Amino acid sequence: FLETTAYFCMKPKMGEKEVSPHSFFSIWHEFSSDFKDFWKKENKLILQERVKEAEEVCRQKKGKSLYNTRPKHDSGIVRKICSNV
């Protein structure tokens, strides 16, 4: 524990000789909970960006037709029937 507090340059509070585990872990808990909240928000933003990109790709693919169609011309029996009516 003492090596860890020395690594993070923790100094004891006024009136204390050593860093207490309570003071160290209370700071660590605040840091880790803030980090978790920011992590979740960042992941949510990244997911929203990816969804928008995927939707754009789908729109572009739907816009392009995979096959060509020609307009239907009246010919043969259909033309004869419609012109007689």
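The values are calculated or read from the model by the stated rules, or taken from the named source; none is laboratory data. Since this is a predicted model, take the numbers as computed values, not measurements. A quick note on method: Cβ atoms are made from the backbone with ideal geometry, for glycine too, and the neighbour counts reach across all protein chains shown. In case anyone asks, the SASA skips ligands and DNA or RNA and just uses the protein heavy atoms, side chains included. Shrake-Rupley method; radii C 1.70, N 1.55, O 1.52, S 1.80 Å.
For every other residue with a beta carbon closer than 14 angstrom to the beta carbon of Lys41, add +1 if it is Lys or Arg and -1 if Asp or Glu, then tell me the sum. Let's see the in-between values first.
On the way: positive: Lys36, Lys40, Lys44; negative: Asp34, Asp37, Glu42, Glu49.
Counting the neighbours of Lys41, the net charge comes to -1.
Is the shape of the range 1-57 rounded, prolate or oblate, going by the alpha carbon gyration tensor and its root eigenvalues a ≥ b ≥ c, with a/c under 1.5 for rounded and a/b larger than b/c for prolate?
Working: a/c = 6.33, a/b = 4.33, b/c = 1.46.
Cα axes put the range 1-57 in the prolate bin.
Ranked by accessible surface with a 1.4 Å probe, highest first, in what order do Arg50, Arg59 come?
Working: Arg50 160, Arg59 140 Å².
The most accessible residue leads, giving Arg50, Arg59.
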